[in-house]
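The values are calculated or read from the model by the stated rules, or taken from the named source; none is laboratory data. Here the structure is a predicted model, which is why all the values come from computation and not from measurement. For neighbour counting, all protein chains shown are included, and Cβ atoms are generated from backbone atoms with ideal geometry for every residue, glycine included.
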Amino acid sequence: MTLANLWILLGSACIHVVTHIALKRSRDRTAFVWWMLLFSGVLFAPVLIFAWQPIAWQGWALLIGSAVFEAAYFYAIAKAYQGADLSIVYPLSRGAGPTLLLVWSIVLLREPLTWGGALGVLTIVAGLYVVNLPRLGGWKEPLRALRLPSSRWALAAGACISLYTLIDKVGIGYVEPLLYTYLALWWSVVMLTPFTLREIGWGGLRAEWAYSKGWTVLAGFTSLSAYALVLFAMARGTPASYAGAIREFSVVLGAGYGVLVLKESSGPMRLLGAALVAAGIATIGLLG
């Protein structure tokens, strides 16, 4: 991996954590996600003018398939934040993503598994376990935590990350990365809208807009721009498993914010778990 691509992915990680901070501070996460995606589409509308190109049917099929998992991801992550802290949901969802992506990349994209990749996966698994420890002696607590709906939603979100990133690695071979991201975004909005209206209705959307306002606009900008950087790095030759892994440095930033700023409980263990996840991700990215 080139140094330039590494910096692109780290920049994506720093931008991406802002999205989750904004999402966590909202009142109705389902409504917030809908507004966030809508503003992503509005803010990046010039993409249709400056990056438009004819798209083959394979490109349309891939970006719509990606949108299915992106919509499912946003739905799952909103559900996860309704019942758990930022420093729990963020490491679980963002850590599970690259772990599964490594598996899919080996099986479907035929990317080779190295000793560094295997070591990285084991380190991530250890971090996901530690992040749910209330204290050093509570080794059975993470197993109990996985019974909670919020933890299962977070892991489901991580699975969706791995699947849409895998599809996108192929999709950007047919469509320019920024245009691909933008069109997949609008398909995600179309797919999410009926579920959003069924759960909260227009009244719920109006109430969340009155509460969040500028935060939805900020999240809309950071959400799309962060992932566009990932696709740009993949288009420059970075393997999907590496790109999906390195951007998850944001796990440490998210856990740190949750513990240090939001004063969430079990801070030392959550920070240690997030650090292990980040170390595993870095191992996959640099040695995998």
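Some points to look at:
- Matching residues in the range 103-116 - criterion: being surrounded by 12 or more Cβ atoms within 10 Å (Cβ to Cβ) and at pLDDT below 75: L109, E111, L113
- Subset of the range 207-223 (residues that are surrounded by fewer than 12 Cβ atoms within 10 Å (Cβ to Cβ) and in a helix (DSSP H, G or I)): A210, G214
- Which numbered condition A228 fails, given (1) part of a helix (DSSP H, G or I); (2) under 28 Å from L287 (Cα atoms); (3) touching a residue at least 60 places away in the same chain (Cβ under 8 Å): (3)
Yes/no per residue for (1) touching a Phe, Trp or Tyr at 6+ places or on another chain (Cβ under 9 Å); (2) buried (at least 19 other Cβ atoms within 10 Å of the Cβ); (3) at pLDDT 80 or above:
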{"site": "N132", "(1), (2), (3)": "no, yes, no"}
{"site": "K140", "(1), (2), (3)": "no, no, no"}
{"site": "I161", "(1), (2), (3)": "yes, yes, yes"}
{"site": "G171", "(1), (2), (3)": "yes, yes, yes"}
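- Hits in the range 173-198 - residues which are crowded, with 21+ Cβ neighbours inside 10 Å, within 18 Å of R29 (Cβ to Cβ) and over 17 Å from the mean Cα position of the chain (by Cα): T196
- Positions within the range 31-70 being surrounded by fewer than 18 Cβ atoms within 10 Å (Cβ to Cβ), assigned to a loop (DSSP other than H, G, I, E, B) and in contact (Cβ under 8 Å) with a residue 12 or more places away in the chain, in sequence order: A51, W52, Q53, I55, A56
- Qualifying residue in the range 46-69 (condition: modelled with pLDDT of 90 or more, closer than 12 Å to A219 by Cα and aromatic (F, W, Y)): no
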